[in-house]
Amino acid sequence: MKENIIPHDYQISKTDRNNLNEHNSFLLWFTGLSGSGKSTIANVVEQKLHKKGIKTYILDGDNIRNGINSDLTFTPEDRTENIRRIAEIANLMIDSGIVVLAAFVSPYKKDRENIKNIVKDGNFVEVFINTSIEECERRDVKGLYEKARKGEIKNMTGISAPYEAPENPDIKINTEQETVEQAVSQIIDYITPKLQLNNE
Ligand code: ADP
């Protein structure tokens, strides 16, 4: 079947769209335990970028797991498929000229490596929200840790499923030492040159 899929030669490219938007497009990938601060920080980064006229979109559990990935569970195989589909969606959005912010636990190193293959290395910025399991459990934003401790949730990352921390993330945030504002500044400083068109 695949050999019969021949791409059409469309005339408007990613470069054309980036030129129109006056900024580059890429993927900011937030990884970390549930409750580590991924959504909180991504939300403020998006607001800052939006104010500067940057075209953005956030992909997170709410709009992905309730929609396109509603058929997937939290088994290792489904988690891998979850991340693969998100990376493919992000790839289309990057091509469309948008700065994509993705906030997912994404506990497996090999799955995060695969994102790089899908969107290409230069389009991938890995942000490790490095908050300890003790602190995430103390915050227990969604009450998930309590449920996991009672055995009501299986495959809970940090409790009954592993989290493989990134070894060389582009940005590492320690939310137990940094405020949200400090974390956001660190991210904005890192991506500002990457947004500029003449930088490619
Ligand atoms: P995740 O998206 O990683 O599951 P959330 O962003 O939903 O996590 O929750 C993180 C919680 O931690 C929020 O209630 C947030 O207010 C709190 N928090 C406390 N300090 C920080 C910090 N420095 N950075 C990010 N979140 C923080």
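FYI, it's all coordinate maths here, none of it is from the lab. As the structure is a computational prediction, the values presented were derived from the model and not from experiment. Cβ sites come from the backbone with ideal geometry, for glycine too, and all protein chains shown count toward neighbours.
Quick one: if the Förster radius is 22 Å, what FRET efficiency do Phe74 and Arg139 give, using the C-beta to C-beta distance and rounding to 0.05? Don't jump to the answer; show the numbers that get you there.
Numbers: r = 20 Å, r/R0 = 0.91.
Calculated transfer efficiency: 0.65.
If we count other beta carbons within 10 Å of each Cβ, what is the order of Val99, Val44, fewest first? Show your work: numbers first, answer last.
Details: Val99 25, Val44 17.
Least crowded to most crowded, the residues run Val44, Val99.
For the range 19-123, what is the Kirkwood estimate of the hydrodynamic radius, computed as the reciprocal of the mean inverse distance between distinct Cα atoms, to one decimal in Å?
Working: mean 1/r = 0.0710 Å⁻¹.
It works out to 14.1 Å.
What are the residues whose amide H is under 5 Å from the amide H of Leu33, where those residues sit 5 or more places off or on another chain and H is modelled from the backbone?
Excluding prolines and chain starts, which carry no amide H, the hits are Thr131.
Just tell me which lysines come within less than 26 Å, Cα to Cα, of Lys150; anything on the same chain fewer than 8 places away is out.
Those lysines meeting the cut-off are Lys38, Lys142.
Hey, what do the phi angles of the range 154-162 turn into as Karplus ³J(HN,Hα) couplings, whole Hz, using 6.51/-1.76/1.60 and θ = phi - 60°, x for Gly and Pro?
Listing the rounded values in order: 9, 6, 7, 4, x, 10, 10, 9, x Hz.
Between Glu22 and Asn4, what is the spin-label point distance in nm, taking each point 7 Å from the Cα along the Cα→C-beta axis?
4.7
Label the range 134-184 by shape, choosing from rounded, prolate and oblate, from the square roots a ≥ b ≥ c of the eigenvalues of the Cα gyration tensor; if a/c is under 1.5 it is rounded, and otherwise prolate applies when a/b is larger than b/c, oblate when it is not. Kindly include the intermediate steps, with their values, before the conclusion.
Working: a/c = 3.55, a/b = 1.63, b/c = 2.18.
Since a/c reaches 1.5 but b/c is at least a/b, the shape of the range 134-184 is classed as oblate.
Expressed in whole Å with the largest first, what are the equivalent ellipsoid semi-axes of the chain derived from the C-alpha gyration tensor as the square root of 5 times each eigenvalue? Spell out each step's value before the answer.
Values: eigenvalues 175, 98, 35 Å².
Largest first, the chain gives 30, 22, 13 Å.
For the range 92-179, just the Cα atoms, rotate onto the principal axes and tell me the three extents in Å, largest first.
Its Cα atoms span 43, 29, 24 Å along the three principal axes.
Hey, got the dipole for the range 59-200? About the Cα centre, +1 on K and R Cβ, -1 on D and E Cβ, debye to the nearest 20? All intermediate terms of the calculation are to be shown ahead of the outcome.
Values: 18 positive and 26 negative charges, 67 e Å.
In debye, rounded to 20, the range 59-200 gives about 320.
Less than 14 Å Cβ to Cβ from Glu152, Lys/Arg counted +1 and Asp/Glu -1: what total charge do the surrounding residues give?
Values: positive: Lys142, Lys147, Arg149, Lys150, Lys154; negative: Asp140, Glu146.
That sum, taken over residues with Cβ under 14 Å, equals +3.
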